[in-house]
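Q: Encoded as structure tokens, here's the structure I'll be asking about.
The values are calculated or read from the model by the stated rules, or taken from the named source; none is laboratory data. No experiment lies behind these values; they were computed from the predicted model shown. Positions of Cβ are backbone-derived with ideal geometry, glycine not excepted, and every protein chain shown enters the neighbour counts.
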Amino acid sequence: MEQLADLRGQIDEIDTQIHDLLMKRAGVIQVISAQNEQAKLGLRPGREAQVLRRLVSRHQGILPKAVVVRIWREIFASSAQLGSEMAVSVHAPENDTKFYDLAREHFGMMTPIRGCQTVMSVLREVTDGQTTVGVLPLPFTGDDNPWWLALAQGEAATNTRIIARLPFYNASGTELAEAVIVAQDTQEPTGADRSYVVAESGEPLSRSTLKSLLDKAGLPSLNIQIHAPDPAYSLQLIEVDDYVAPGDSRLAHLGELSDQRITHAWTIGGYAVPLTEA
Ligand SMILES: O=C(O)C(=O)C[C@]1(C(=O)O)C=C[C@@H](O)C=C1
């Protein structure tokens, strides 16, 4: 049996290597950020998703995958901070810390996170540029005053988009709150993605009509939320099981496929399919 002192010596040597590699990685990030000085957002959730999928798929041994993900969350957060000062605003109504907790888990120990009482104040801070990203509840059916309407006020009215979904990896086995990250940025495709599409119409279309139109257009839908504030105007939020780029030709087909009942359709962003489901 190897002597305990030898084994501790091996651990010391490994710790030195890990530390050297972390410093080397930070140096590479510094070079990237110097080359991308114009880019406001150091955060790239799509790239993070690809890195984590790759590491988790090659992972072996007794160290839990969740630990690997946890370590890389801190690494990503510190890299994103190096790229540009990052601040997070999160929906944190009184006595409800579930979104704050999700954000802290995702953005690590060092990122400034500010709680906002209302979803609208989170959105305002992102849209005004007071904060880099916002964390908001996942859009849900039955919400009488959905926040996503603020992202759906005409295609060019806002640069704020959904760029990620939380949690990306839920290893706890318990149901966590679910949220999306919004930013003045665009969704980056990663090879396994979903996008949110808004379809505008006069009279609301039924879910089944809309679903079959979407299928014909090649847009597989997972979830449809209808918001019809008056009989002559409605907006439908569709979660599509695929990446939909701004200006995707499938969106333009919806008009003719629906005999012009859909007057306009556009994407408001989306997210990389979470690791647990990939
Ligand atoms: O790939 C980049 O552009 C990076 O800035 C690197 C990096 C990383 O640490 O891996 C940094 C932060 C992003 O959220 C994603 C990737």
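Q: Only residues that are within 9 Å of the ligand (Cβ to nearest atom) and in a strand (DSSP E or B): list them for region 76-92, please.
A: Of everything in region 76-92, nothing turns out to be within 9 Å of the ligand (Cβ to nearest atom) and in a strand (DSSP E or B).
Residue by residue, here is whether (1) hydrophobic (A, V, I, L, M, F, W, C); (2) more than 21 Å from ALA183 (Cα to Cα); (3) more than 11 Å from the ligand (Cβ to nearest atom) holds:
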residue: GLY9; (1), (2), (3): no, yes, yes
residue: MET23; (1), (2), (3): yes, yes, yes
residue: GLN35; (1), (2), (3): no, yes, no
residue: LYS65; (1), (2), (3): no, yes, yes
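Q: May I ask you to verify whether SER78 is out of contact with any strand residue (DSSP E or B) (no Cβ under 8 Å at 6 or more places or on another chain), over 19 Å from ARG165 (Cβ atoms) and surrounded by 17 or more Cβ atoms within 10 Å (Cβ to Cβ)? Break it down into steps so the answer makes sense when it comes.
A: Details: out of contact with any strand residue (DSSP E or B) (no Cβ under 8 Å at 6 or more places or on another chain): yes; over 19 Å from ARG165 (Cβ atoms): yes; surrounded by 17 or more Cβ atoms within 10 Å (Cβ to Cβ): yes.
Answer is yes for this residue.
Q: Still on this structure, please answer the following. Quick check, is LEU52 modelled with pLDDT of 95 or more, within 12 Å of the ligand (Cβ to nearest atom) and part of a helix (DSSP H, G or I)?
A: Values: modelled with pLDDT of 95 or more: yes; within 12 Å of the ligand (Cβ to nearest atom): yes; part of a helix (DSSP H, G or I): yes.
Judged against the criteria, LEU52 is a match.
Q: For the subset of region 232-270 comprising residues that are of a type in the set (D, E, K, R) and part of a loop (DSSP other than H, G, I, E, B), which member is surrounded by the fewest Cβ atoms within 10 Å (Cβ to Cβ)? Lay out the reasoning, then the answer.
A: Start the filter on region 232-270 by keeping residues that are of a type in the set (D, E, K, R), which leaves 239, 241-242, 248, 250, 256, 259, 261.
From the residues that got through so far, the ones that are part of a loop (DSSP other than H, G, I, E, B) too are 241-242, 248, 259, 261.
Working: ASP241: 14, ASP242: 17, ASP248: 20, ASP259: 8, ARG261: 17.
Among them, the one singled out is ASP259.
Q: Further, regarding this structure: Scan THR131, THR141 and give me the residue that is among the hydroxyl-bearing types (Ser, Thr, Tyr), more than 14 Å from the chain's Cα centre (by Cα), loosely packed, with under 14 Cβ neighbours inside 10 Å and not in a strand (DSSP E or B).
A: Criteria check complete, one pass: THR141.
Q: Related question: Only one of (1) of a type outside the set (Val, Ile, Thr); (2) modelled with pLDDT of 95 or more; (3) touching an Asp or Glu at 6+ places or on another chain (Cβ under 7 Å) is not met by LEU237, so which one is it?
A: If we test LEU237 against (1) of a type outside the set (Val, Ile, Thr); (2) modelled with pLDDT of 95 or more; (3) touching an Asp or Glu at 6+ places or on another chain (Cβ under 7 Å), just (3) comes out false.
Q: Tell me, please, whether a residue that is outside any strand (DSSP E or B), under 13 Å from VAL119 (Cβ atoms) and either small (Gly, Ala, Ser) or in contact with a strand residue (DSSP E or B) (Cβ under 9 Å, 6 or more places away or on another chain) (or both) can be found in region 150-173.
A: Checked region 150-173: at least one residue is outside any strand (DSSP E or B), under 13 Å from VAL119 (Cβ atoms) and either small (Gly, Ala, Ser) or in contact with a strand residue (DSSP E or B) (Cβ under 9 Å, 6 or more places away or on another chain) (or both).
Q: Something else now. Please work out if ILE29 is over 21 Å from ASN170 (Cβ atoms), within 16 Å of the ligand (Cβ to nearest atom), surrounded by fewer than 13 Cβ atoms within 10 Å (Cβ to Cβ) and β-branched (Val, Ile, Thr). Working first, answer last.
A: Values: over 21 Å from ASN170 (Cβ atoms): yes; within 16 Å of the ligand (Cβ to nearest atom): yes; surrounded by fewer than 13 Cβ atoms within 10 Å (Cβ to Cβ): no; β-branched (Val, Ile, Thr): yes.
For ILE29, the condition - over 21 Å from ASN170 (Cβ atoms), within 16 Å of the ligand (Cβ to nearest atom), surrounded by fewer than 13 Cβ atoms within 10 Å (Cβ to Cβ) and β-branched (Val, Ile, Thr) - is not met.
Q: Moving on. Mind checking whether some residue in region 97-107 is modelled with pLDDT under 95, surrounded by fewer than 20 Cβ atoms within 10 Å (Cβ to Cβ), within 16 Å of the ligand (Cβ to nearest atom) and not basic (Lys, Arg)?
A: Scanning region 97-107, I find at least one residue that is modelled with pLDDT under 95, surrounded by fewer than 20 Cβ atoms within 10 Å (Cβ to Cβ), within 16 Å of the ligand (Cβ to nearest atom) and not basic (Lys, Arg), so the answer is yes.
Q: Return a yes/no flag: does region 117-124 have any residue that is modelled with pLDDT of 95 or more, touching a His at 6+ places or on another chain (Cβ under 7 Å) and part of a strand (DSSP E or B).
A: No, because not a single residue in region 117-124 is modelled with pLDDT of 95 or more, touching a His at 6+ places or on another chain (Cβ under 7 Å) and part of a strand (DSSP E or B).
Q: Name every residue in region 197-243 that is within 18 Å of the chain's Cα centre (by Cα) and under 14 Å from HIS264 (Cα atoms), in order of residue number.
A: VAL197, VAL198, LEU237, ILE238
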